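Presented below is the structure to which this report refers.
The values are calculated or read from the model by the stated rules, or taken from the named source; none is laboratory data. The structure presented is a predicted model; accordingly, all values stated were derived computationally and were not measured. For neighbour counting, all protein chains shown are included, and Cβ atoms are generated from backbone atoms with ideal geometry for every residue, glycine included. Heavy atoms of the whole protein, side chains included, go into the accessibility calculation; ligands, DNA and RNA do not. Shrake-Rupley method; radii C 1.70, N 1.55, O 1.52, S 1.80 Å.
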Amino acid sequence: NVVALQYPMSTNFYYDSYPFTFNWENGQVVDNNKKNLLFIFPWFKLGGADKFNYDLLSNIDKEKYNLTIVTTEPCDYVWRQRFEKFATVFDLTSFLHRKNWPAFMHYIMKTRKIDLVFESHSYFGYYVIPWLKSYYPTVPFVDYVHAENWSWRNGEYPRDSTAIAGLLDKTYTCTKYLKSQMTEKMGRTTDNVMPVYIGVDENEFDEEKVKIEDDEDLARVYEKYKNKKIILYCCRISREKRPLLAIKILRKVCDEEKDAVMFVVGDGDKLNNMKKMAEKLELNENVVFFGSKNNVKPFYKTCNVELICSLSEGLTLTTYEAMSMKRPVVSANVGGQKELIDSSCGVIVDNVQSQKDLFIEEYSEEEIDRYAKAILKILHLKNYEQMKENCRKKILNGFTINNMIKTMTSEIDSLVENGSKVGIDCEKYRELYSQYLVLYNQLDQRN
């Protein structure tokens, strides 16, 4: 009998034994004249972390390095084809039982002669690294983390990074704030944590080079709204971004500023709830929902201010982009937002809720009022044009994508050249690391 298998299978298969290796006798499958980098990512979704991954990999010297990517979470791979232009991609969820995942990772390390492993936000990746390190102790393993999340697994990926810190040659964070959180609240005692800002392409996100007509939907309605005070809410429409709070803030703003309107750019599982809230608060004439957009630059050009009211962030890509386009930002005081936003280019607002209140969707009048006052302050600012110039200047003085690429490529070059300096004797702990992988599988019973 032939039985069809339905992938992904990653959510319904559990280990019945320790991880093993394939008996693979064939030789290498890579160009011996180049060094080989392995990247472990969760997926290729639309988002700031994925944009960082793309910017980094697309700018790595392909004459010097072969790139291999392994992804570990099932999803709609919106950006997969972008990455496949310059890297070989393996999505484990679409062709393997999970019991074979560690063996396949070992196979990749062996046959592709991997010289460095770069992990970022893959849950499985953090658990397989110690086991792989026991086979390849001289290979540097590094990771990049974007934000802590206290509502899930006591800190999420920075906590995972801290757990295996002794086997990582370097951890890169997107903010100084996140580094402090790891050392002060998670017990990260090693000195191998280095902040590297994501940055933005200041040449691409330049108000002078962007046309509103670049987006047909926007161009069609802009004539109606061009004399309004436009608030941009651009993000994934999910719970941690607090879209319902954004609508309530708009209601408060509109009570004082009749010409205020919000452009909502993004999609997500809370979009319908957001639309219902807008209708409930009689804001249908003050909200325009544009859905997800690949090109968001025209929306920055039309807006007066951007709103970020999230419970959890690292340092949002939209903050970089908006400021590069000379647009002030009103942001929650979360993550490293205040490392980029100050009183010269926006307003930082203290949240009343904490990350642990993720599932609470009732918001205090105090918090709504804080955001509304901040937005109104910018909308009625006498020196608004000067604030716009300050935004752009702040980006140019240290927050460009070229700075990030220069730093990260230099780091990778150095690590590949010098090899790993940690965990050289970890082979003797392979039994423990095998148990760690079994533990991951038991923790991850997502059914």
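Some notes on this structure:
- Rounded if a/c under 1.5, otherwise prolate or oblate - segment 1-158, Cα gyration tensor axes: rounded
- Cα-projected label distance for PHE90 with LEU5, points at 7 Å along beta-carbon direction, nm: 1.4
- Antiparallel DSSP beta bridges within segment 117-268, as percent of all bridges there, nearest 5: 5
- Each residue of segment 223-230 is assigned a 3J(HN,Hα), and the resulting list reads 4, 6, 10, 5, 9, 8, 8, 9 Hz, derived from the Karplus form 6.51 cos²θ - 1.76 cosθ + 1.60 (θ = phi - 60°), x at Gly and Pro.
- Anisotropy class assigned to segment 376-447 is oblate, per the alpha carbon gyration tensor with a/c at or over the 1.5 cut-off and a/b no larger than b/c.
- The modelled label-to-label distance for the pair ILE424/ASN154, using points 7 Å beyond Cα in the direction of Cβ, is 3.3 nm.
- Size descriptor for segment 306-447, Kirkwood hydrodynamic radius: 18.9 Å (Cα pairs only, one decimal).
- Surface composition of segment 209-340: carbon plus sulfur atoms hold 39% of the accessible area, using a 1.4 angstrom probe and ignoring ligands, DNA and RNA.
- Amide H contacts of ALA260: LYS229, each under 5 Å away and 5 or more positions distant or on a separate chain (H built 1.01 Å from N in the peptide plane; Pro and chain starts excluded).
- Most mobile listed residue (ASP267, ASP255, ASP342) in the chain, GNM with C-alpha springs under 10 Å: ASP255
- Isolated Cys residues of the chain, judged by Cβ distance under 4.7 Å to other cysteines: CYS75, CYS174, CYS234, CYS235, CYS254, CYS303, CYS309, CYS426
- Helix-only [θ]222 nm of the chain, DSSP H runs n ≥ 4, -39500 (n - 2.57) each, per residue, nearest 500: -11500 deg cm²/dmol
- From the C-alpha gyration tensor of segment 281-335, square roots of 5λ in Å: 20, 16, 11
- Rounded to whole numbers, the Karplus 3J(HN,Hα) couplings from phi for segment 100-114 are 8, 4, x, 4, 5, 4, 5, 4, 4, 4, 6, 6, 9, 6, 5 Hz, using 6.51 cos²θ - 1.76 cosθ + 1.60 with θ = phi - 60°, and x at Gly and Pro.
- Near ALA332, the amide H atoms lying under 5 Å from its own belong to ILE308, CYS309, SER310, VAL349; only residues 5 or more places off or on other chains count, and H is placed 1.01 Å from N.
- Under the criterion of Cα pairs below 8 Å and six or more residues apart, the relative contact order for the chain equals 19 percent.
- The base-10 log of I(q)/I(0) for segment 216-353, evaluated at q = 0.13, 0.17, 0.21 Å⁻¹, reads -0.50, -0.91, -1.45 [Debye formula, identical scatterers on Cα atoms, solvent excluded].
- Take the Cβ atoms of TYR384 and ASN203, set R0 to 25 Å, and the FRET efficiency comes out at 0.55.
- Average accessible area per residue (Å²) across the chain - probe 1.4 Å, nucleic acids and ligands excluded: 44
- A convex hull fitted around the alpha carbon atoms of segment 85-149 yields 126 Å³ per residue.
- Amide hydrogen neighbours beyond the local backbone of HIS121, cut-off 5 Å, H modeled: TYR144
- All-pairs Cα distance distribution in segment 148-255, expressed in whole percent, bin size 5 Å: 2, 9, 12, 13, 12, 13, 11, 10, 9, 6, 3, 0
- For segment 33-76, the share of accessible area belonging to carbon and sulfur comes to 41 percent (1.4 Å probe, ligands and nucleic acids excluded).
- Evaluating 6.51 cos²θ - 1.76 cosθ + 1.60 at θ = phi - 60° for every residue in segment 343-351, the Karplus couplings come out as 5, 7, 9, x, 9, 9, 10, 6, 6 Hz, glycine and proline recorded as x.
- Option label - volume of the Cα convex hull per residue in Å³ computed here, alternatives [x] 164; [y] 153; [z] 249: [x]
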